[in-house]
Structure formats: C-alpha cells, structure tokens
Amino acid sequence: MADNIPVGSTTAGSIAVAAESTVATRMSAPPSFDVADFPVPHGREEEWRFTPLERLRGLHDGTATATGEGVRVEVAAPDPVTVETVGRDDARLGKAGTPVDRVAAQAYSAFEKATVVTVPKDAVLTEPVRIGVHGQGGTSFGHLAVEVGAFAEAVVVLDHTGDAVLAANVDFRLGDGAKLTVVSVQDWDDTAVHCAQHNALVGRDASFKSVVVTFGGDLVRIHPRVEYAGTGGSAELFGLYFTDAKQHQEHRLLVTHNVPHCSSNVAYKGALQGEEAHAVWIGDVLIQAAAEGTDTYELNRNLVLTDGARVDSVPNLEIETGEIAGAGHASATGRFDDEQLFYLMSRGIPEVEARRLVVRGFFAELVQQIGLADVEQRLIEKIEAELEASV
C-alpha cells in the first residue's frame with residue numbers, strides 16, 4: 001500500500017542508538033505496583049497524549065470504584081489444565097510484569113479475586129483454553145494469570161463481550177521450551193471502556209504468539225508487553241482492529257530485549273471509518289546492552305475508509321548495542337488502492353463488493369494467524385458486518 005497519509009492522521013517513528021544503557025526514556029521508565037508512584041495524568045504526558053482522558057470514566061485519576069455487577073469470567077479448559085480463583089496474596093500473581101501506568105497500577109491495587117490458569121509441564125493441549133469475560137454493567141478491576149510449564153503447548157482465547165468499565169492486568173508466563181498462542185478479542189458493546197496491560201515473560205527457547213483483535217467499545221486501550229527470561233526466546237505480536245465512528249482504539253506495545261539471541265516480530269493492521277474514528281498504535285522495541293544477537297521487526301498498516309477518521313502510528317526502536325542480527329520498523333496509512341479497485345471493477349465486480357474484497361485481503365494474513373476456524377469465521381463475519389454498516 002502506498003504511504004499516502006490522509007488529512008487528519010499522523011505517522012511518525014524514530015530509531016535511537018544509545019551509547020550506554022543508563023539512558024532514560026519512556027521505554028525504560030520504572031514500573032511499579034504502587035498507584036502513588038504514578039502522577040495523575042493530564043493528557044500532556046507522552047504515554048497519554050493520544051488518549052481522551054475524559055472517556056476513561058475515572059480509571060486514570062482514582063475516582064473509579066467497583067460498582068454494579070462487574071464482569072463474569074468463565075473458563076472452559078481441557079485436561080490436564082487447572083483453573084483456580086485466588087486471593088490477592090497468591091504468590092503467582094504479578095510475576096510476568098509490573099504495571100507501567102497509573103491505570104494498570106490501579107487495577108492491580110483494586111482487584112479482589114484473580115483467575116489462575118495452569119498448563120502443566122510437558123502437556124500438549126489439543127483443544128484451546130477459552131476464557132470469556134462478559135461485562136454486566138458497572139466498573140470492575142481484574143487480574144488473570146496464565147502459567148505454561150516447561151515444554152508445554154497451549155492456545156488460549158480471551159473473549160471480551162458485553163458492557164463494562166474494566167481495568168485489568170493479564171500475565172502470561174512461559175517455562176523453558178514452552179509454546180503459547182493467545183488470542184484476545186475485544187468485542188464489547190459500544191459503551192464499554194477497557195484498559196488492559198498484557199505481560200508476557202518468555203522462557204529460554206520458548207515461543208509466544210499474541211493476536212489482539214479489537215472491534216467494539218467506546219474506548220479500548222491495550223498495552224501488550226514482552227520480556228525474556230532466557231536466551232533463544234521468540235515473540236510474535238499480531239493485531240487487527242476496526243475502528244468505527246467516535247470509537248477510540250489504542251494499542252501500545254513494548255518489547256524489551258533484555259537477554260541475548262532472542263527474536264520478536266510485530267505486525268498490526270487497522271481499518272477506520274466514520275466521523276471521529278480514532279486509532280492509535282505505538283510500537284516500542286528496546287534492545288538493551290546485554291541483548292546481543294537480537295533480531296526484531298515491527299510493522300503497522302492502516303486503511304482509512306472514509307473522511308473524518310484519524311490514525312496516529314508511532315514505531316520506535318531504542319538500541320543499546322551494535323551487536324544485533326537485525327532491527328527495523330515500518331508504518332503506513334492510506335486510503336483504498338485505486339488500481340486494485342479498478343482491476344476488480346473492470347472484471348464486472350460492483351464497487352461495493354470490490355471494496356469489501358480489498359478489506360478482506362488487507363486483513364487476511366492476520367486472521368490466518370489465529371489458527372482456530374470458529375474464531376476466524378467469527379472475525380470475518382464481524383468485518384463483513386462493519387463494512388455493511390458503511391454502505
């Protein structure tokens with residue numbers, strides 16, 4: 001797709017090479033479990049400058065409290081997976097990562113019960129673990145931890161539906177040689193607000209794949225983070241989003257290469273339509289001085305379907321060592337490819353159907369990363385429904 005930037009959208013990126021690992025940036029800002037360590041944001045801060053704070057319903061300033069029915073969490077898991085509801089004092093909580101902003105810290109401080117899903121060592125699941133999070137109104141704070149033992153293999157589907165104001169932390173901890181695929185679907189009602197930090201700690205020679213899919217909600221802000229617990233780990237972070245009129249969808253990624261000879265690959269794609277549709281994608285990759293032999297790449301593509309939509313896409317690389325295998329990033333935002341439309345229409349395909357085919361093709365490679373036929377079909381139908389609404 002051509003790097004054609006529509007009016008009302010921005011694209012920016014940077015590559016910083018630091019001589020010493022002591023250079024302080026927003027990528028290396030100290031995380032904390034204590035809410036008091038994070039000042040109340042005012043919208044001028046780098047990590048909040050794209051977020052409409054007034055639509056967070058008090059999640060950012062401490063005025064939000066748990067109310068209403070909250071969310072209902074249901075887990076369907078095959079043997080030999082164990083599922084537990086635990087209290088705040090469970091030693092397994094908070095081990096994959098630490099909150100990096102005030103909302104995540106508030107979520108960690110305010111949740112009462114957490115769900116822990118454990119895949120034992122050497123287990124190879126033939127069926128996915130399905131976790132449904134259904135909003136029933138009101139405000140909730142949540143915590144989910146998924147533990148995958150050494151050399152185990154699993155697929156986890158995290159499905160968000162209904163209406164809620166939800167702030168949550170989700171931890172994925174992979175043992176050595178483990179393989180985990182996570183599909184997180186945000187299919188909220190139009191009035192929902194969802195902020196979540198996803199933390200993945202990848203063990204030695206382990207493989208982590210995340211697919212984040214965002215359709216619904218008034219405001220959705222997802223913060224995936226990856227760190228490595230041993231050499232040879234790999235992480236793939238894929239995402240697709242369809243932002244409709246007045247929706248704000250924000251995905252802020254950080255991959256920290258902190259040990260040698262690990263790899264990461266990031267690819268997110270979004271489509272936008274309608275007045276005041278706003279998508280934000282921030283892709284940060286930090287290669288620390290100790291992370292020699294790192295191989296990383298990140299990509300973001302956006303397709304603007306109508307006037308009045310805005311995209312902010314910011315890829316960043318911070319490199320503290322020259323001994324890497326490779327590092328790069330790319331970002332582009334554009335409208336429909338007129339040549340593709342002309343080609344399809346010249347073969348007798350009506351313009352409306354031609355546009356649908358272009359969008360399907362745009363998303364196809366990411367939908368296929370899911371690997372679950374029922375989820376893939378559901379997402380294709382959701383894309384079709386979104387396109388139908390724009391006709």
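Relative contact order for the chain: what is it in percent, counting Cα pairs under 8 Å that are at least 6 residues apart?
Computed value for the chain: 14 percent relative contact order.
Under the 0.36 nm per residue contour assumption, what length would be gained going from the current alpha-carbon distance of Arg55 and Ala245 to full extension?
66.9 nm is the gain from fully extending Arg55 to Ala245.
Order of 127-136, 254-263 by packing, highest average Cβ count within 10 Å first?
254-263, 127-136
Could you check the spin-label model distance between Asp79 and Ala373? Points 7 Å from the Cα along Cα→Cβ, value in nm.
Between Asp79 and Ala373, the label points sit 2.6 nm apart.
What residues have an amide H closer than 5 Å to that of Val71, excluding those fewer than 5 places away on the same chain, when H is modeled at 1.01 Å from N in the peptide plane?
Gln136
Hand me the GluC sites (Glu not before Pro) from segment 73-129 located in a DSSP loop with no more than 16 other Cβ atoms within 10 Å, in residue order please.
Listed in order of number, the matching sites are Glu112.
For the chain, what is the convex hull volume of its Cα atoms per residue in Å³?
Cα convex hull per residue, to the nearest whole number: 133 Å³.
Under the rule of at least 5 residues apart or a separate chain, name every residue whose amide H is placed under 5 Å from the amide H of Val157.
When sequence neighbours closer than 5 places are left aside, the close amide H contacts are Val129, Arg130, Ile131, Val183.
Please find the FRET efficiency linking Arg335 to Gln136, where r is the Cβ-Cβ separation and R0 is fixed at 35 Å, and quote it to the nearest 0.05.
0.35
Out of all DSSP beta bridges in the chain, what portion is antiparallel? Express it as a percent rounded to 5.
So the antiparallel bridges in the chain amount to around 10 percent.
Can you list the residues, at least 5 places off or on another chain, whose amide H is less than 5 Å from the amide H of Trp281, using H built in the peptide plane?
His251, Asp312, Ser313, Val314
How far apart, in nm, are two points set 7 Å out from the Cα along the Cα-to-Cβ line at Val86 and at Thr126?
It works out to 3.0 nm between the two label points.
Report the FRET efficiency, 1/(1 + (r/R0)^6), for Glu46 and Glu276, where r is their Cβ-Cβ distance and R0 is 22 Å, rounded to 0.05.
Details: r = 23 Å, r/R0 = 1.04.
The formula returns an efficiency of 0.45 here.
If Lys and Arg each add +1 and Asp and Glu each add -1, what is the summed charge of the other residues whose beta carbon sits under 9 Å from the beta carbon of His278?
That works out to -1.
Going highest first, how would you order 43-55, 291-303 by mean Cβ packing within 10 Å? List each step's numbers first, then the result.
Working: 43-55: 14.2, 291-303: 21.8.
Sorting 43-55, 291-303 by mean packing, highest first, produces 291-303, 43-55.
Would you kindly derive the ³J(HN,Hα) couplings of segment 77-82 from the backbone phi angles with the Karplus curve 6.51 cos²θ - 1.76 cosθ + 1.60 (θ = phi - 60°), listing them in order in whole Hz, with x for Gly and Pro?
Couplings: 9, x, 5, x, 5, 10 Hz.
Can you work out ³J(HN,Hα) from phi for every residue in segment 53-69, in order, using Karplus 6.51 cos²θ - 1.76 cosθ + 1.60 and θ = phi - 60°, giving whole Hz and x for Gly and Pro?
With the stated coefficients, segment 53-69 comes to 4, 5, 9, 7, 6, x, 5, 8, 10, x, 7, 7, 10, 5, 9, x, 7 Hz.
How much accessible surface area, in Å² rounded to 10, belongs to the heavy atoms of Glu353 with a 1.4 Å probe?
60 Å²
Could you give me the ³J(HN,Hα) list for segment 294-300, computed from phi with Karplus coefficients 6.51, -1.76, 1.60 and θ = phi - 60°, whole Hz, x at Gly and Pro?
5, 10, 8, 8, 9, 9, 9
Rounded to two decimals, what is Rg over Rh for segment 242-360 when you use alpha-carbon atoms and the Kirkwood radius?
On the way: Rg = 18.1 Å, Rh = 16.1 Å.
Taking Rg over the Kirkwood Rh, I get 1.13.
Is the shape of segment 188-259 rounded, prolate or oblate, going by the alpha carbon gyration tensor and its root eigenvalues a ≥ b ≥ c, with a/c under 1.5 for rounded and a/b larger than b/c for prolate? Walk me through the intermediate numbers first.
Working: a/c = 3.51, a/b = 2.86, b/c = 1.23.
It comes out prolate by the Cα gyration axes.
With a sphere of radius 9 Å drawn around the Cβ of Val304, what net charge do the other residues whose Cβ falls strictly inside it have (Lys, Arg +1; Asp, Glu -1)?
Once all neighbours under 9 Å are counted, the net charge is +1.
Lys and Arg at +1, Asp and Glu at -1: add these up for the other residues within a Cβ distance under 12 Å of Asp189 and post the number.
-4
Roughly how many debye, to the nearest 20, is the charge dipole of the chain about its Cα centre, given +1 on each Lys and Arg Cβ, -1 on each Asp and Glu Cβ, and no other charges?
140 debye
Work out, step by step, the length gained on full extension between Tyr343 and Thr65: first 0.36 nm times the residue separation, then minus their alpha carbon distance; give nm to one decimal.
Stretched fully, the Tyr343-Thr65 segment lengthens by 94.6 nm.
Taking springs between alpha-carbon atoms closer than 10 angstrom, which of Val157, Val212, Val73 fluctuates most in the Gaussian network model of the chain?
In the Gaussian network model the winner is Val73.
The values are calculated or read from the model by the stated rules, or taken from the named source; none is laboratory data. Since the model is a prediction, treat every value here as computed from it, not as a measurement. For neighbour counting, all protein chains shown are included, and Cβ atoms are generated from backbone atoms with ideal geometry for every residue, glycine included. In case anyone asks, the SASA skips ligands and DNA or RNA and just uses the protein heavy atoms, side chains included. Shrake-Rupley method; radii C 1.70, N 1.55, O 1.52, S 1.80 Å.
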